[in-house]
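The values are calculated or read from the model by the stated rules, or taken from the named source; none is laboratory data. What you see is a predicted model, and the numbers here were worked out from it, not measured in a lab. Note: ideal-geometry Cβ built from the backbone for every residue, glycine included; neighbour counts use all protein chains shown.
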Amino acid sequence: MSILKALLYTVLLFVIGVILSFGFQSVIALLDLNLEYLIHYNSVTRILTKILQYSVILFLAFKLWFAPSYLLLKIKKIKWETVLLILIVSIGFEIFAKIFLELKVFLNDNKLAFESINHTDYKSEYFWRYDLIRAVILAPILEELFFRKILFTRMLKKYSFGISAIVSSICFAFIHIPNWLNLVPTFLFGIISCWIYVKTKNILYPILLHFVGNLIVLLLSFHNQQITSFLQELNYSWVYWLILISGVGMTLFGLRKLKKAPLD
């Protein structure tokens, strides 16, 4: 696959998502549904949008179908040592990503900037359940299949690892806009996920990495205000930078061990 095709498929994926989202919202508005249940309607449509959006690309454009025998083979090859290292990488990266996102305050010298980068505050007892389905379960599977198994793998047949990983990770970051500050962590996550996929030759490991990362974000969102206040109180002291370095250290430690780990 060429770089241009990878970019065009990503734009197509994005456009399909926008059209589906707009279509579902229009239907909700036309049906004049009970506003009391609006949060449920919107959450369900976000899940349906995610499923249909990737289904069009994965199953219609690339003819990628579910193969139980292939999945079972990949599951049998999973090693617990590798799973543990994936957990270390994921936790370390999320520590780094959380600290990085708060750097907006440092750059702008504006405490109000925290409000624009906070994760979702789950005040509704139902809303987190919808995000559990959409962001923690569906997103890792669908996004890893498209960006790593399809885009990255097919580009790797034509380009070097560096070019393939960078372009596919740019595409991966692009699909997460408009949260512009999250583009850098998302891009870096894409690079790491590509490297793990090449090393392990098992798409379940990048999916696990993605799953754990999104689960951590979901869990942290329950205490988002407290975490934000804690980081504000640190005021970029040595403790703040120690936490940042520890996250980077955990990530690099896990990746280094993965590089040396026997995976066959």
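Quick check on Trp65: is it exposed (fewer than 12 other Cβ atoms within 10 Å of the Cβ), of a type outside the set (Asp, Glu) and closer than 20 Å to Ile137 by Cβ? When the stated conditions are applied, Trp65 passes them. Annotation note: of Phe22, Phe93, Phe59, the sole residue that is within 22 Å of the chain's Cα centre (by Cα), over 28 Å from Gly254 (Cβ atoms) and either part of a helix (DSSP H, G or I) or not charged (D, E, K, R) (or both) is Phe59.
Among the residues making up the range 31-47, those that are surrounded by fewer than 15 Cβ atoms within 10 Å (Cβ to Cβ) and either within 30 Å of Pro140 (Cα to Cα) or at pLDDT 80 or above (or both) are Tyr37, Leu38, Ile39.
Condition check ((1) within 27 Å of Trp195 (Cβ to Cβ); (2) modelled with pLDDT under 80; (3) small (Gly, Ala, Ser)) across all residues:
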{"position": "Leu71", "(1), (2), (3)": "yes, yes, no"}
{"position": "Ile78", "(1), (2), (3)": "yes, no, no"}
{"position": "Val105", "(1), (2), (3)": "no, yes, no"}
{"position": "Asn118", "(1), (2), (3)": "no, yes, no"}
{"position": "Tyr122", "(1), (2), (3)": "no, yes, no"}
{"position": "Glu125", "(1), (2), (3)": "no, yes, no"}
{"position": "Ile133", "(1), (2), (3)": "no, no, no"}
{"position": "Leu138", "(1), (2), (3)": "yes, no, no"}
{"position": "Ile150", "(1), (2), (3)": "yes, no, no"}
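Selection of the range 137-157 for residues being over 17 Å from Gln53 (Cβ atoms) and among the β-branched types (Val, Ile, Thr) yields only Thr153.
Residue pairs whose Cβ atoms lie under 8 Å apart, separated by 6 or more positions or on different chains, with the first residue in the range 239-257 and closer than 18 Å to Ile86 by Cα and the second part of a helix (DSSP H, G or I) and of a type in the set (Asp, Glu), are Gly247/Glu94.
When we screen Leu13, Leu72 for residues that are within 25 Å of Phe152 (Cα to Cα), hydrophobic (A, V, I, L, M, F, W, C) and over 20 Å from the mean Cα position of the chain (by Cα), the only hit is Leu72.
When the residues of the range 187-243 are filtered to those that are β-branched (Val, Ile, Thr) and over 18 Å from Ser169 (Cβ atoms), the one that is modelled with the lowest pLDDT is Thr228.
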